[in-house]
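All remarks here apply to the structure that follows.
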Amino acid sequence: MKSNYLILFLFAILSNETLRAQDAYFQIDPTLSPDGKVIVFSYDGDLWKIPSTGGEALRLTGMDGNETLPRISPDGQWIAFSSTQFGNKDVYIMPMAGGDVKQLTFHDAADDVDSWSWDSKQIHFTSSRYNRFSGYTVSIDGDTPRRLFEHYFNNVHNVTTHPLTSEIFFNESWESKNFTHRKRYKGDYNPDIKSYNPKTKTYKEYTSYNGKDFWATLDKDGNLYFVSDQANGEYNLYTFKNDQKTALTNFKSSIGRPQISANGEKIVFNKDYQIFIYDVATNKTNKVAINVYKNNTLSKSQDFKVKGNISYFDVSPDHEKLAFISRGELFVSDIKGKYVKKINTSPSERILEVKWLKDNRTLLFNQTAAGYTNLYTISADGTSTEKRHTNEAKNNKNLALSHDLKQASYISGRDELRLIDLNTFKSTTVVKDEFWDLYAGLASFSPDDSYLLYNAYRNFESDIFTYHI
């Protein structure tokens, strides 16, 4: 009888863990096995693998550093990846079936894994060891890495090779290395899909769009896929059909780092902080359902030490109370800090900014939801649940309140300055501009609340502007 109770107890725990695991976000850097049946990805600093049809993820690494950028060899025997095991990123390999992890590079620079050679004997990676960054290759035996191109000023990265022609495909602009978050860039530093054939000494440019074309990936037949923001300003999947650049997806939110299976059947990528599979034959995309099981089977109390870890605070209008954020959690205290209370908000979500409203009893804050910060209110005494006021697949940030506390300004995404009425919580876009920088859009109300002073980027320069309310 006792064993039956134990089985029921364990089943209840595992069922609870399964429900929590299905809501996991921030799975990054997915890659596919040659047959397209297995995905390896990075989550919570480790590597995991899962069937491409979805299911339970199996943890592959448990190292001290963060393991990212996994790539499976064309023969399906090895996983190459980057890890910060000793501080900086180095290149490592491990058997696909599990086993010992082997370090291949030993340098103070950052080494980012790009791809494999088609004979599964070399790993291509990008490193800052010689100049800003450049493309390298290293043998799975761990010999001295070799630089792909000798020109000092090249910024080669995102390296992959053609299985039939020996062409080396790459990008060479910092826009496709350090500024992948800056969509819709147009200018002289736009990245294009380029190649160089070391056998024939032939250089070729496959794209000429004045925006961003990057992250090339090829299957065993040499079919080329890549990312571009040409159609709608968001990164989508492209290929060439009859030598014409052709969009395969039309998502309203960007994809990241696509990787095709060697057999050419499936392409995996990130979107909205989760993993998706594109089927080449059907031209359909599906989200991969992933269960990530944690070891936290029993709940326990947790003490929050906030000293030196307060990231944001605001004083109430009556100057008697303080609201502050520590490690993404919301707290309220008296002005002297003698009484501190944690305000319970959505579990597993993170709060960035908080403001007191005019009644001295309500808090306005932004909190992550499905990976994006949206606006909420909650009672400062902790007696009510939070109420959501925006529902967007982009970040609401840089909160500023008017002096009369009747409205607030904030940035929505990268291109909208908005006002929200603090009585009705109706939001209105007042300015369309470029707010992609961390501090762009930081607004301030004039003393009479009739103007907004804000900064934005135009022609790649930060300038200050005003808006009459």
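Selection over the range 327-378 of residues that are assigned to a strand (DSSP E or B), more than 15 Å from TYR410 (Cα to Cα) and open to solvent by 60 Å² or more (accessible area, probe 1.4 Å) gives a count of 3. Look at (1) open to solvent by less than 50 Å² (accessible area, probe 1.4 Å); (2) over 23 Å from GLY211 (Cβ atoms) and you find that SER176 fails only one, number (2). Annotation note: Cβ proximity below 6 Å between a residue of the range 346-361 that is without any contact (Cβ under 8 Å) to a residue 24 or more places away in the chain and a residue that is buried (at least 19 other Cβ atoms within 10 Å of the Cβ) (sequence gap 6+ or interchain) occurs for GLU349/GLN367; ARG361/ALA380. Looking across the range 391-412, the residues that are open to solvent by less than 10 Å² (accessible area, probe 1.4 Å) and not aliphatic (A, V, I, L, M) come down to ASN396, SER402, SER409, TYR410, SER412. In this entry, GLY99 passes the filter for residues that are part of a loop (DSSP other than H, G, I, E, B), free of Cβ contacts under 8 Å to residues at least 24 places away in the same chain and open to solvent by less than 60 Å² (accessible area, probe 1.4 Å). Per the listing ASP272, ASP279, the residue uniquely open to solvent by 30 Å² or more (accessible area, probe 1.4 Å) and either modelled with pLDDT of 95 or more or of a type in the set (Phe, Trp, Tyr) (or both) is ASP279. In the range 136-155 there is at least one residue that is open to solvent by 30 Å² or more (accessible area, probe 1.4 Å) and assigned to a strand (DSSP E or B). For the range 20-61, the candidate set comprises residues that are free of Cβ contacts under 8 Å to residues at least 24 places away in the same chain and touching a strand residue (DSSP E or B) at 6+ places or on another chain (Cβ under 6 Å); within that set, the residue that is surrounded by the most Cβ atoms within 10 Å (Cβ to Cβ) is LYS49. Remark: THR428 matches the filter, which requires a residue to be under 30 Å from the mean Cα position of the chain (by Cα), farther than 25 Å from GLU349 by Cβ and either open to solvent by less than 70 Å² (accessible area, probe 1.4 Å) or without any contact (Cβ under 8 Å) to a residue 24 or more places away in the chain (or both). Is it fair to say LYS89 is surrounded by 22 or more Cβ atoms within 10 Å (Cβ to Cβ) and part of a strand (DSSP E or B)? Taking the combined requirement at face value, the residue satisfies it. Kindly indicate whether any position in the range 416-428 is of a type in the set (Ser, Thr, Tyr), part of a strand (DSSP E or B) and over 18 Å from LEU352 (Cα atoms). Looking for residues that are of a type in the set (Ser, Thr, Tyr), part of a strand (DSSP E or B) and over 18 Å from LEU352 (Cα atoms), one finds at least one in the range 416-428, hence yes.
The values are calculated or read from the model by the stated rules, or taken from the named source; none is laboratory data. Being a predicted model, the structure only gives us computed values, none of them experimental. Positions of Cβ are generated from backbone atoms using ideal geometry, with glycine treated the same way; all protein chains shown enter the neighbour counts. In case anyone asks, the SASA skips ligands and DNA or RNA and just uses the protein heavy atoms, side chains included. Shrake-Rupley method; radii C 1.70, N 1.55, O 1.52, S 1.80 Å.
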